[in-house]
Structures are given as structure tokens and as C-alpha cells.
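Notes follow the structure.
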Amino acid sequence: MLVTLIPLFDENMKVSAYSLFTQKKNFLLYPSLLGSGKNDGASRIEGLELIKNMGIQTLAPAQEIFVSLNNISVFSDIASECDAPHGRLVLLIDNGIPPIEMYINRLHELKNQGYRLAIRKLPVSHYEDYREVLALMDYILLDCEQVDITKARIYFNKLYPHLKLCASNIKTTDVFEALKLDNSCTLFEGSFYRLPVTKGNNKVAPLKVNYIELMNLVNTYDFDLTKAADIIGRDTALVISLLKMVNHMAVNSEITSIRHAAAMLGQKELKRWINTAVIHELCSDKPTEITRLSLLRAKFAENLAPAFNLGSKASGLFLMGLFSVLDIILEKTMAEALSLVKVSREIKEALVDGKGEFAELLDFIKQYEAGEWQEVSRLMLLKQIDIQVVHDAYMNSLKWYRDLFSGVL
């Protein structure tokens, strides 16, 4: 199964929630799943494995995750499948769940258990039929391509004043700006915005657990440079700082990996740099959205390296994923940003020009993040990559990320 998180944001482009987006199989290989096979395993709530592997604690406390239910899985024991706080999950239904007593009673039960509820894909012509269901909802997702949001706001504010509107399927910034002016919606979602980055909050703060572990390591006799490099690689801010320092020392050298950079600096200078860095206290224990994206891309790229016949360059792919949002972090063009932390030709070609042997894997990761399953399926078919390989690579990235913040690594 393929699964990713799609960001939902507020009028200030701040990520406020996520929606789980899934696909069971590669539909290009198994077209029957689009027909009679679509209900296979329907009693299971798809995507909850992501929450378990990532750890909901790695998201900001206020952020909710929208989880889709169908007419079968709505009756499943959700608490046994996911131990996340009920208030953090928004159970998302559509018109596949009819407004009849059996389902209305079940929605009441879920509401009483503390879950929040949302509905999408509800045609305007069905609004009256779904009165009892809408009265239970916390959110309604409205496709701005099919629904007049302004008229919908008047209708829902009058009959369901508690209901929060979410404009979905926003394809351009112009549409988003127009919706903002209407002041109708609490949340927004659209293909024009897929990088889960909090606007105006692009600083990448180092992580305390890495600082402590690094300080303990480098203050031992004859410490292992490669182990220090691996710890540094868990933290985007530390990598940026390290490479800036190394590039001052070796102007014409291309850095191929974090271990390479650490080796160039040497034990003495690396120890001095780390002991200086740990003096500065962090202002927050929580990773920012940009840190989460950067680290997950890095580990996902590294895990996918063998599938793309790039196993020998896994460390370089890790660095590519880590720096794939460097332009946002430093608020510069990608070319300008990479000039500050010189990297190998393969990484630069992929990030600046979209070319070279790393570019295809980077594109695959971006398509995966956006939930563009048709394109992801096409690329898997061309590269003869099994869906389980991709699933395992992504899930292992989430576990690595979760363990990073729990201090396991």
C-alpha cells in the first residue's frame, strides 16, 4: 500500500492539519482493483500504519489528521488500530455512507468517543437528505471546482453554524487568494501547495538529542568520525553548519557525503565545533515542518537507492533529500543556496537542473509526497519496482524519524 500525508493549511499558509492519502496497489498492474476488487480489505482503515510508524507526537499538538472511512471500516474498532488521542483524529466520510439510522447511530458513537468528524464529496442536491449527518460533522470539505464556496458559507452558517468549511482541490494561488478574501473557510487544500512549510517559519533548529549525543561522543578519546557524521546527518541544521565550515577550508572540493565532510574537518576541529554548538540552547523541542520534510526525504531517498540501482550512492542521495528544501530554508534560489554548501555534481544537477541520475529518484519522492499515485505507479512500472519495496522504504523512514525524536537512534 502507498500512503502519504497531504497538508491542510490556514489563510496564512500555516499547516494546521494533514489528510492521509492512500492507494492499496499499483492500479496499472492490477486494474481489477478499480472495479470488483475495490472492497478487498475494506474493513481495515487504510493509512493508520503511517501514524503508528511516524508517531503523532512528532507533529505539533494542535495538528489533526484526517482519516478516511468507508461504509465498512466505519464500524471497525478504531482505537485498537490506532492509539493516537481521539481528538487528534478527524474521521472523514463521504456519500458512500448513506444517511440511514444504522450509520447515523454509529457516527453518534464515534462522536461520543471523542473523535471529530468530517464529510466530503457531498453533492449540493444531497444536503437536505444528510441533515442528521451534517449536524454531527465538525468539518465539511468542499471542492471549489464544483461548489460555490460563498453560497455554501451562507447555507451552512445558517443551518450548521458550528461546521467548519474546508476548501479543497485548489489548483492555483489566485483561487486561494480569492477564497481568502471571501473569509468563508477555516482550512484549505490544493495541488498548488504541497510543501508542508509554515510561512515565515523557515528556521531549522538543531535537535537537543543530537547535540547531547554528539557532545558525549566527541569528548571520548579517539572518537569515531563516521559515527559522529551519522549523528550529524539526523539534523538538517547541523549538516548545513558543518558543510559551510568545511567549504571554507577546502574551496575547490566537492562534498559527496556527510562522512566525507566530517573526515575533511578531522577530529580536533569537529570536536571544537560541536562543543561550541551545544552551548546554544534551543528555543523549542519540537521539529518544524521544514525539518520533518527534509529529514523524511533524506531517509526515503537513501532507502530507495537500491531500487533505483543507486545503492552505492545512498549517502549522496541522503544529502540530496536533506537539501531538497534548502532554497526555502535559506530563502534563496536553489543555485545560490547550494553555493553556500558545495555538494557533488550529481546532487547539484538534480536539485538545480532536474537532471542527472539522482533526478529521477527525487521526482519520484515528490510525486509520492503529493499522492500522485498514477504517476508513482507509472514510475514503479518503468523501473520494475514492487509496491512493497516502496512501502517498506517509506515506513522505515517514518520509524527512523520517530525514533530520532524519541532518542532511540
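Any read-out appearing in this document is the output of simple, stated calculations on the displayed coordinates, not a laboratory observation. Values in this document were obtained by computation on a predicted structure and should not be read as measured data. Cβ coordinates were reconstructed from backbone atoms using ideal geometry, including for glycine residues, and neighbour counts include every protein chain displayed.
Apply 1/(1 + (r/R0)^6) to the Cβ-Cβ distance of residue 226 and residue 309, taking R0 = 25 Å, and write down the FRET efficiency to the nearest 0.05. Don't skip to the answer; put the middle values down first.
Values: r = 25 Å, r/R0 = 0.99.
Rounded to the nearest 0.05, the efficiency is 0.50.
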> Taking the Cα atoms only, what angle lies between the long axis of helix 149-159 and the longest principal axis of the chain, rounded to 10 degrees?
Replying inline: 60
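Provide the FRET efficiency to the nearest 0.05 for the residue 381-residue 76 pair, computing r from the beta carbons and using R0 = 25 Å.
On the way: r = 32 Å, r/R0 = 1.27.
According to the calculation, E is roughly 0.20.
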>> Per DSSP helix of 4 or more residues, -39500 (n - 2.57); summed, then divided by the residues of the chain. What does that give at 222 nm, rounded to the nearest 500?
In response: -13500 deg cm²/dmol
> Which length gain, in nm to one decimal place, applies between residue 396 and residue 186 when the Cα-Cα distance is subtracted from 0.36 nm times their residue separation?
Replying inline: 72.3 nm
> Using the reciprocal of the averaged 1/r over all distinct C-alpha pairs, how large is the Kirkwood radius of the stretch 2-188 in Å?
Replying inline: 17.5
> Taking the C-alpha atoms of the chain, how large are the radius of gyration and the largest Cα-Cα span, Dmax, in Å?
Replying inline: 23.1, 74
> Given 24/151; 180/299; 366/399, which pairs have Cα atoms separated by over 28 Å?
Replying inline: 24/151; 180/299
> What is the extension gain from residue 102 to residue 146, computed as 0.36 nm multiplied by their sequence separation minus the C-alpha to C-alpha distance, in nm to one decimal?
Replying inline: 12.9 nm
